[in-house]
1. Need one number: the % of Cα-Cα pairs in the range 7-96 sitting beyond the 17 Å mark.
2. What percentage of all Cα-Cα pairs in the range 14-56 are separated by more than 16 Å?
3. Shape verdict for the range 39-90, please, from the Cα gyration tensor: rounded (a/c under 1.5), prolate (a/b greater than b/c) or oblate.
4. Using a basic spin-label model with each label point 7 Å from the Cα along Cα→Cβ, how many nm lie between Val9 and Ala43?
5. Under 11 Å from the 7 Å Cα→Cβ point of Ser67, by amide nitrogen: which residues of the range 21-47?
6. Could you give the length gained by full extension between Asp50 and Thr80, i.e. 0.36 nm per residue of separation minus their alpha carbon distance, to one decimal place?
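Throughout, read-outs are computed from the coordinates displayed, never taken from laboratory work. Keep in mind the model is a prediction, meaning the values are calculated, not measured. FYI the Cβ positions are ideal-geometry reconstructions off the backbone, even for glycines, and counts take in every protein chain you see.
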Amino acid sequence: MAEPITVEVLGSALDLIGRPLMLEALATVADGRPLSDAAPGGADAGLFLDEFKALRALGMVEPVEGSPSGPYTLTAAGQTLTSLLGVLAASITRTATGAYSTP
């Protein structure tokens, strides 16, 4: 059974998506890019790798079978997260362009 959505659960989710380097690390894996050249310009490579390690600890990414040090792939949870983030981004974009109006 899925965990109920509580203020604490939502707060944890916001903490996760509020970490830009973590989102960049997630996008790097989703795009199939190597981690070695994925840290955004000006970002501390060590912090980027720490965020990537956090994604592994959360079960969002895993090494490709037979390759414990990479390349990496999204887990089912990571795929769900990226899909939900895509829906959120699309909603924000539509709202910003006036595609929705409030009653």
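1. Values: 2002 of 4005 pairs.
The proportion of pairs with Cα distances above 17 Å equals 50 percent.
2. In whole percent, the long-distance tail amounts to 24.
3. It comes out oblate by the Cα gyration axes.
4. Placing both labels 7 Å beyond Cα along the Cβ direction yields 2.8 nm.
5. 32-35
6. Full-extension gain reported as 8.6 nm.
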